[in-house]
Amino acid sequence: MPEGSFDVIDADDTASVDDFIRELEAKEKDLHITADLRIEVADFGADFAVVPDFVKEDLASSAPTAPLNNLRSLPPSTTKIRNFELENEVAALKVRVMELKAERQDMQEKSDRRLKDFENFKYRVDRERRGSFIDQISKLAGQILPVLDNLDRALDAAGMTGDDKSAEYRQFYNGIVLVNQQVNEVFANMGVQPIASVGEIFDPNFHEAVATEISTDTVPNTISEELLRGYRIGNKVIRHSMVKVTIAPIPEKTPSPPFEPEDETSSPSDIE
């Protein structure tokens, strides 16, 4: 083949090269020559020089050759350009992956923030709903409490009349007791509970002291009597209990002995 670049080769020369390659491939198939073919040559030593030339040519031509497909391989410059393009594509894909990861993290943070906001909203709505419900029950119980107080007073007054009562009076009295029990059951179902007072330590959050009495048998600030029962719903006080609280007795002051001034005429020897 003449020296020079492949650019000067015309179409006829290219066709002749392709025909030549096809002929070589056909010969290889006929001769069953593969890349794994190995030819062992005996060591002729010094007598190798006398081997005929045609034998040397046959041995040289029978050596394994590179695959013919390499003739059609791309030139080194084209391979470098292709590698550079692939590297750029890989770098662009890495940048895209990083962008997608950042977007995914941003979306996850927004989703978590929205979930927390929704949980806070539900908690706030539930708290407001329960607060409104408790306020309504407190108002209703506050309006019914005077009726319950009058029933309690009526029962206390009826219990002080003695045992000699007629059958009609006892029936009327039992009816009032039944009504009182029903009102208390309604309060209990609504969550309204009476405030414990007698025997408890005075607590200004639930009790209101309207009287005091001196007592040596109980601890000071102990409630000894309930004058008006109080009620609460949960931690919300509907009405404070009016109670009487015990106090410790005030110790009596003992009179101090009168002050006697010392005699100015006395001497130290007289004092001894």
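Could you please tell me which pairs satisfy a Cβ distance under 8 Å, a separation of 6+ or placement on different chains, a first residue in segment 228-251 that is of a type in the set (Phe, Trp, Tyr), and a second residue that is not in a strand (DSSP E or B)?
Within 8 Å, the pairs are TYR231/ALA141; TYR231/LEU145; TYR231/PHE187; TYR231/ILE195.
Among the residues of segment 229-237, is there at least one that is part of a loop (DSSP other than H, G, I, E, B) and of a type in the set (Lys, Arg)? Explain how you work it out, then say what you get.
First, the residues of segment 229-237 that are part of a loop (DSSP other than H, G, I, E, B): 229-230, 234-235.
After this cut, where a residue has to be of a type in the set (Lys, Arg) as well, the list is 229.
Yes.
A quick yes/no check of all residues on (1) more than 27 Å from LEU228 (Cα to Cα); (2) part of a helix (DSSP H, G or I); (3) open to solvent by 100 Å² or more (accessible area, probe 1.4 Å); (4) touching a residue at least 60 places away in the same chain (Cβ under 8 Å):
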residue: ASN120; (1), (2), (3), (4): yes, yes, no, no
residue: ARG129; (1), (2), (3), (4): yes, yes, yes, no
residue: LEU145; (1), (2), (3), (4): no, yes, no, yes
residue: GLU185; (1), (2), (3), (4): no, yes, yes, no
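Name every residue in segment 187-212 that is assigned to a strand (DSSP E or B) and open to solvent by less than 70 Å² (accessible area, probe 1.4 Å), in order of residue number.
Those that are assigned to a strand (DSSP E or B) and open to solvent by less than 70 Å² (accessible area, probe 1.4 Å): VAL192, HIS207, ALA209, ALA211.
Conditions (1) touching a residue at least 24 places away in the same chain (Cβ under 8 Å); (2) open to solvent by less than 100 Å² (accessible area, probe 1.4 Å); (3) under 18 Å from ARG232 (Cα atoms); (4) β-branched (Val, Ile, Thr), marked per residue:
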position	(1), (2), (3), (4)
GLN108	no, yes, no, no
SER111	no, yes, no, no
TYR123	no, no, no, no
GLN136	no, no, yes, no
ALA154	no, yes, no, no
ILE176	yes, yes, no, yes
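Which one of the conditions (1) modelled with pLDDT under 90; (2) under 14 Å from ASP149 (Cα atoms) does GLY175 fail to meet, given that it meets all the rest?
Unmet for GLY175, out of (1) modelled with pLDDT under 90; (2) under 14 Å from ASP149 (Cα atoms): (2).
Find the residue count for segment 221-239, including only residues that are under 21 Å from ALA211 (Cβ atoms) and open to solvent by less than 70 Å² (accessible area, probe 1.4 Å).
Residues in segment 221-239 being under 21 Å from ALA211 (Cβ atoms) and open to solvent by less than 70 Å² (accessible area, probe 1.4 Å): 9 in total.
Can you tell which of ASN180, ASN174, ASN83 is closer than 21 Å to SER241 by Cβ and part of a helix (DSSP H, G or I)?
ASN180
The values are calculated or read from the model by the stated rules, or taken from the named source; none is laboratory data. Just so it is clear, the model here is predicted, and its values are computed rather than measured. Here the Cβ is made from the backbone with ideal geometry for all residues, glycine too, and neighbour counts use every protein chain on show. What goes into the accessible areas is simple: the full protein's heavy atoms, side chains included, and nothing from ligands, DNA or RNA. Shrake-Rupley method; radii C 1.70, N 1.55, O 1.52, S 1.80 Å.
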